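S.K.: Let me give you the structure first, and then I'll get to my questions.
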Amino acid sequence: MRKVQHPHTEVIDMSRNDDPQFWQQARRHLVRYGGSFEPLIIERAQGSFVYDADGREILDFTSGQMSAVLGHSHPDIAAVVTEHIHSLDHLFSGMLSRPVVALAAQIARHAPPGLERCLLLSTGAESNEAALRMAKLVTGGHEVVGFTQSWHGMTGGAAAATYSAGRKGYGPAAVGSMAIPAPNAYRPRFTQHGELDWRRELDDGFEQVDRQSTGSLAAFIAEPILSSGGILDLPPGYMAALKQKCVERGMLLILDEAQTGVGRTGLMFACERDGVAPDILTLSKTLGAGLPLAAMVTTAAIEEEAHARGFLFYTTHVSDPLPAAVGLKVLEVVERDGLVERARVAGARLEQGLRRLQSRHECIGDVRGRGLLLGLEVVKDRDSKEPAFALGESITRECMKLGLSMNIVKLPSMGGVFRVAPPLTVSDSEIDLGLQLLDKAIETAVDIHPG
Ligand SMILES: Cc1ncc(COP(=O)(O)O)c(C=O)c1O
């Protein structure tokens, strides 16, 4: 806040976030790319917090864009960026450097068995684009199946496989794009004895795929926990069954661990729980801990076949040394500081806290997720499970007023779902603070939107 002397009036407090020139320029020169901007100017980000223009601290419960697993401005990352910007930054795409080969080897060491060849890129969409191109090339097919609640990115192939948002108004998606519903235990489509019957749902989904397919299936692309789809955790056994469906049809299974990879769920990769190795694994967001780095990882056999068929994915930033050095450091810090285990322990504390809030607030219909990737679904009442979008938005606003950054996804036929995903470095006291602020925010929002 700064004191402003208005002519003919007393001195008043004005927030530095209200800087008129900043907002005029933003309005004039920025393309609006989705939703609205927070009415804040963020000046600094450190650890689990970001700081606005008034120096107010805001607890970041979304790890930026679900990416900053080490918190913001981690000293080890700052050091590695500083070192490489001075000595080894960007190269001709046909040149190799030590950080690139070392990161590929480290990813292969951590990845599920058999996944040992990496392509290092910049964004999640790009990694999925590469995975889809490789799957098409080696299978000779072109049809790609995903989930109706998926998000795989904003570029051509990735967007064609993204169904949770953004399909309308952009013309035809790639020919051969298909989707089946992801299982949702809170709102099951198929039940047996009152429980989700995911096997029947999966069989039904593939029956629809088989009817639509022209016999040219290339891949199924899936997130182990659909994040933008409302934190839908594929139930134990589902992924193995999905893989089997792929094997039966000669299609590849691509797992997109943009959000679930690198420790977030309490395992290095979420698919470890299921003991299922995909044919292609894609990593992004968490691999660079917030800096642009992505990877596509596959088996030697698939890579050999793709290479023999002339696989091309030549980009400006492929195999860039600086982001590779960052990725190497991220994996080193995650391992050195035991952050995979920490995500499990801190996630259990956070989940317990959210369940306590659920017992106090009728509007919390469901708490779900794994490790430090949790979901909180807001409904009008627990019996009808009717979505409560306005209440969810109001809770988000109240959280921000109190200094807690939360993100809600709104999907048809679901209540608003908060995605709660603080950095893996979050402390117990920061978790407790977040829970306390959320509790207060819900109380206030419910007063504004009773019923
Ligand atoms: C699961 C998943 N895959 C891919 C992407 C796309 O990543 P990017 O925005 O880096 O292209 C996202 C982004 O939200 C995502 O959540």
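S.K.: Between residue 420 and residues 5 or more places away or on another chain, which pairs have amide H atoms under 5 Å apart, with H built 1.01 Å from N, and which residues are they?
M.R.: Correct list: 374, 375, 376.
S.K.: List 206, 92 from most exposed to least, where exposure is judged by having the fewest other Cβ atoms within 10 Å. Display every interim value, and only then the final one.
M.R.: Numbers: 206 20, 92 6.
Placing the least packed residue first, the sequence is 92, 206.
S.K.: So, one more: In the neighborhood of residue 61, defined by Cβ-to-Cβ distances under 10 Å, what is the net charge if each Lys or Arg adds +1 and each Asp or Glu adds -1?
M.R.: Taking every other residue near residue 61 into account, the sum is -1.
S.K.: Give the share of C-alpha pairs in each 10 angstrom bin for the range 21-132, from 0 to the last occupied bin, in whole percents, shortest bins first.
M.R.: 10, 26, 34, 23, 7, 0
S.K.: What's the local net charge at residue 203, with K and R +1, D and E -1, over the other residues with C-beta under 11 Å away?
M.R.: -2
S.K.: Sort 413, 127, 97 by Cβ crowding within 10 Å, fewest neighbours at the top.
M.R.: Fewest-to-most Cβ neighbours within 10 Å comes out as 413, 97, 127.
S.K.: Still on this structure, I have one more. Which value, to two decimals, describes the C-alpha radius of gyration of the range 315-451 once divided by 2.2 N^0.38 Å?
M.R.: Ratio of Cα Rg to 2.2 N^0.38 Å: 1.23.
S.K.: Quote the charge dipole size of the range 330-373 about the Cα centre in Debye, to the nearest 20; the model charges only the Cβ of Lys and Arg (+1) and of Asp and Glu (-1).
M.R.: 220 debye
S.K.: Sorted by average packing, counted as other Cβ atoms within 10 angstrom per residue and highest first, what order do 211-217, 44-50, 432-438 take?
M.R.: Averaged packing, sorted descending, gives the order 432-438, 44-50, 211-217.
S.K.: Compare the peptides 321-330, 242-251, 115-124, 375-384 by average per-residue count of other Cβ atoms within 10 angstrom and give them in order, highest first.
M.R.: Ranking, from highest mean packing down: 321-330, 115-124, 375-384, 242-251.
S.K.: Which aspartates and glutamates, if any, have their Cα less than 16 Å from the Cα of residue 329, not counting same-chain residues under 8 positions apart?
M.R.: Once the sequence-local aspartates and glutamates are set aside, what remains near residue 329 is 76, 83, 89, 320, 337.
S.K.: Please list, ordered by chain and number, the residues whose modelled amide H lies under 5 Å from the amide H of residue 197; skip anything fewer than 5 residues away on the same chain.
M.R.: Here 190, 191, 192 satisfy the definition.
S.K.: Would you mind getting the Kirkwood hydrodynamic radius of the chain from its Cα pairs, rounded to one decimal in Å?
M.R.: 23.1 Å
S.K.: Reachable lysines from residue 136, Cα under 23 Å, same-chain residues fewer than 8 places away excluded?
M.R.: 243, 245
S.K.: If a/c stays under 1.5 just call it rounded; otherwise compare a/b with b/c (prolate if a/b is bigger, oblate if not). Do that for the range 234-334, with a ≥ b ≥ c from the square roots of the Cα gyration tensor eigenvalues.
M.R.: Oblate.
S.K.: Could you run the Karplus curve 6.51 cos²θ - 1.76 cosθ + 1.60 with θ = phi - 60° over the range 54-63 and give me ³J(HN,Hα) per residue in whole Hz, x for Gly and Pro?
M.R.: Result, rounded to whole Hz: 8, x, 6, 8, 10, 6, 8, 8, 10, 6.
S.K.: Just want the ordering: 368, 264, from fewest to most Cβ atoms lying within 10 Å of their own Cβ.
M.R.: 368, 264
S.K.: Report the local net charge at residue 385: Lys and Arg +1, Asp and Glu -1, summed over other residues whose C-beta lies under 9 Å from its C-beta.
M.R.: -2
S.K.: Excluding same-chain residues fewer than 8 positions from residue 168, which lysines have a Cα within less than 24 Å of its Cα?
M.R.: 410
S.K.: Using each residue's phi in the range 215-226, evaluate 6.51 cos²θ - 1.76 cosθ + 1.60 at θ = phi - 60° and report the 3J(HN,Hα) Karplus result to the nearest Hz, with x for Gly and Pro.
M.R.: Working through the residues one at a time gives x, 10, 6, 10, 7, 10, 10, 9, 8, x, 10, 6 Hz.
S.K.: Express as a percent, rounded to the nearest 5, the fraction of DSSP beta bridges in the chain (both residues included) that run antiparallel.
M.R.: Working: 41 of 58 bridges.
Among the beta bridges of the chain, antiparallel pairing accounts for roughly 70 percent.
S.K.: Also, I was wondering about something else. How large is Rg/Rh for the range 182-291, to two decimals, with Cα atoms and a Kirkwood Rh?
M.R.: Taking Rh as the inverse mean 1/r over Cα pairs, Rg/Rh reads 0.98.
S.K.: Related question: Defining a contact as two alpha carbons under 8 Å apart and six or more residues distant in sequence, what relative contact order in percent does the chain show? Don't skip to the answer; put the middle values down first.
M.R.: Details: 920 pairs, mean separation 87.8, N = 451.
The value is 19 percent.
S.K.: With a 10 Å radius around each residue's Cβ, average the other Cβ atoms per peptide and rank 82-91, 57-66, highest first.
M.R.: 57-66, 82-91
S.K.: For the range 125-220, what are the per-bin percents of Cα-Cα distances with bins 10 Å wide, up to the bin holding the maximum?
M.R.: Spelled out bin by bin, the range 125-220 gives 16, 42, 31, 10, 1 percent.
Since every read-out is calculated from the coordinates, none of them should be taken as a lab result. In this text the structure is predicted, and so the values were computed from the model without any measurement. Every residue, glycine among them, receives a Cβ derived from its backbone with ideal geometry; neighbour counts consider all protein chains shown.
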